[in-house]
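Enquirer: Take a look at the following structure, please.
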Amino acid sequence: LEDIAARLHTPEADESDFSRYARLVSLAQAQVWLGETQAARDNARTVIDEFPMSRDRIDAMSLHTQAHLVLGRAGDRDALLDFVERWLGQPNGLSAPLLKLDPHWDFLLDDARYTAMLDQALSRQRP
């Protein structure tokens, strides 16, 4: 993991703008697992701040989701939960059934706010 993080620090010569932010979010993910939480938060915030949803909703949603997961794992659960609250059930947003199935979100299962949002979203989808 440390080797991967070290390689992610160095941009490719022909790196596109999207690739730069995808690399930064990957670096942030590695950093949070290595316990480098401040660096992880900084890189996640860079992605969120510099690649806004208005720029490209599809790519930005993917990048922002991963960046907010980093923030949540790095101790800023409120930022992650605010993001979930904003985008849960929205077109091209977050899907409650997928959040329930995806193990990346399991660390939030003990959070009452998160489970309440999921339960409410799932109840709206039932006939």
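The values are calculated or read from the model by the stated rules, or taken from the named source; none is laboratory data. Remember, it's a predicted structure, so these values are computed and weren't measured experimentally. So basically every Cβ, Gly included, is an ideal-geometry build from the backbone, and we count neighbours across all protein chains shown. The protein model used for the area step is the full one, side chains on, heavy atoms only, and it has no ligands, DNA or RNA in it. Shrake-Rupley method; radii C 1.70, N 1.55, O 1.52, S 1.80 Å.
Enquirer: If G75 meets every condition in (1) open to solvent by 30 Å² or more (accessible area, probe 1.4 Å); (2) closer than 15 Å to A28 by Cα; (3) part of a helix (DSSP H, G or I) apart from one, which number is that one?
Expert: (3)
Enquirer: While we're on this one: Taking the condition farther than 23 Å from R113 by Cα and among the hydrophobic types (A, V, I, L, M, F, W, C), does A79 pass? Talk me through it step by step, then tell me what you get.
Expert: On the way: farther than 23 Å from R113 by Cα: no; among the hydrophobic types (A, V, I, L, M, F, W, C): yes.
No.
Enquirer: Consider only pairs whose beta carbons are under 9 Å apart and that are at least six residues apart or on different chains; among these, list those whose first residue lies in region 107-124 and is under 17 Å from Q90 (Cβ atoms) and whose second residue is in a helix (DSSP H, G or I) and open to solvent by 30 Å² or more (accessible area, probe 1.4 Å).
Expert: The qualifying pairs are Y114/R77; M117/E85; L118/K100; A121/P97; L122/P97; L122/K100.
Enquirer: Residue under question is L122, and the condition is that it be in contact with a helix residue (DSSP H, G or I) (Cβ under 7 Å, 6 or more places away or on another chain), hydrophobic (A, V, I, L, M, F, W, C), modelled with pLDDT of 95 or more and open to solvent by less than 80 Å² (accessible area, probe 1.4 Å); does it hold? Walk me through how you get there before you give the answer.
Expert: Details: in contact with a helix residue (DSSP H, G or I) (Cβ under 7 Å, 6 or more places away or on another chain): yes; hydrophobic (A, V, I, L, M, F, W, C): yes; modelled with pLDDT of 95 or more: no; open to solvent by less than 80 Å² (accessible area, probe 1.4 Å): yes.
Against the criterion (in contact with a helix residue (DSSP H, G or I) (Cβ under 7 Å, 6 or more places away or on another chain), hydrophobic (A, V, I, L, M, F, W, C), modelled with pLDDT of 95 or more and open to solvent by less than 80 Å² (accessible area, probe 1.4 Å)), L122 does not qualify.
Enquirer: Return only the number of the condition from (1) open to solvent by 80 Å² or more (accessible area, probe 1.4 Å); (2) of a type in the set (K, R); (3) within 26 Å of Y114 (Cβ to Cβ) that R7 does not satisfy.
Expert: All conditions are met except number (3).
Enquirer: Moving on to the next point. Can you tell me which residue among D14, D56 is farther than 29 Å from Q125 by Cα and modelled with pLDDT under 95? First the steps, then the outcome.
Expert: Numbers: D56 fails: farther than 29 Å from Q125 by Cα.
Sole residue among the options that is farther than 29 Å from Q125 by Cα and modelled with pLDDT under 95: D14.
Enquirer: While we're looking at this one, here's another question. Do we find a residue being among the hydrophobic types (A, V, I, L, M, F, W, C) and within 25 Å of R124 (Cβ to Cβ) anywhere in region 31-40? Spell out how you get there, then give the answer.
Expert: Taking region 31-40 first, the residues among the hydrophobic types (A, V, I, L, M, F, W, C) are 32-34, 39-40.
From what's left, within 25 Å of R124 (Cβ to Cβ): none.
No: zero hits.
Enquirer: Which of the residues that make up region 27-37 are without any contact (Cβ under 8 Å) to a residue 12 or more places away in the chain and part of a helix (DSSP H, G or I)?
Expert: Result: no residue meets the conditions.
Enquirer: Of these, A67, A44, which one is part of a helix (DSSP H, G or I), in contact with a Leu (Cβ under 7 Å, 6 or more places away or on another chain) and either at pLDDT 95 or above or open to solvent by 20 Å² or more (accessible area, probe 1.4 Å) (or both)?
Expert: Values: A67 fails: in contact with a Leu (Cβ under 7 Å, 6 or more places away or on another chain).
None of the others qualify; the one that does is A44.
Enquirer: So, D56, is that one surrounded by 13 or more Cβ atoms within 10 Å (Cβ to Cβ), out of contact with any Cys (no Cβ under 6 Å at 6 or more places or on another chain) and not aliphatic (A, V, I, L, M) or not? Give the steps one after another, and end with the answer.
Expert: Values: surrounded by 13 or more Cβ atoms within 10 Å (Cβ to Cβ): yes; out of contact with any Cys (no Cβ under 6 Å at 6 or more places or on another chain): yes; not aliphatic (A, V, I, L, M): yes.
It is true that D56 is surrounded by 13 or more Cβ atoms within 10 Å (Cβ to Cβ), out of contact with any Cys (no Cβ under 6 Å at 6 or more places or on another chain) and not aliphatic (A, V, I, L, M).
Enquirer: Is there a residue in region 104-112 that is closer than 20 Å to I48 by Cα and in a helix (DSSP H, G or I)?
Expert: If we filter region 104-112 for residues that are closer than 20 Å to I48 by Cα, which is where we start, we get 104-105.
Still in the list and also in a helix (DSSP H, G or I): 104-105.
Yes, because at least one residue in region 104-112 is closer than 20 Å to I48 by Cα and in a helix (DSSP H, G or I).
Enquirer: Hey, among the residues in region 78-87 that are under 21 Å from E36 (Cβ atoms) and either modelled with pLDDT under 95 or touching a His at 6+ places or on another chain (Cβ under 8 Å) (or both), which one's least open to solvent (accessible area, probe 1.4 Å)?
Expert: Step one: list which residues in region 78-87 are under 21 Å from E36 (Cβ atoms), which gives 78-80.
After this cut, where a residue has to be either modelled with pLDDT under 95 or touching a His at 6+ places or on another chain (Cβ under 8 Å) (or both) as well, the list is 79-80.
Working: A79: 17, L80: 0 Å².
So, considering only residues that are under 21 Å from E36 (Cβ atoms) and either modelled with pLDDT under 95 or touching a His at 6+ places or on another chain (Cβ under 8 Å) (or both), the one least open to solvent (accessible area, probe 1.4 Å) is L80.
Enquirer: Follow-up. What number of residues in region 78-96 are in contact (Cβ under 8 Å) with a residue 24 or more places away in the chain and touching a Leu at 6+ places or on another chain (Cβ under 7 Å)? So that I can check it myself, show each step before the final result.
Expert: Residues of region 78-96 that are in contact (Cβ under 8 Å) with a residue 24 or more places away in the chain, as a first pass: 80-81, 84-85, 87-89, 92-94, 96.
Among the residues that remain, those that are also touching a Leu at 6+ places or on another chain (Cβ under 7 Å) are: 80, 84, 87-88, 94, 96.
Of the residues in region 78-96, 6 are in contact (Cβ under 8 Å) with a residue 24 or more places away in the chain and touching a Leu at 6+ places or on another chain (Cβ under 7 Å).
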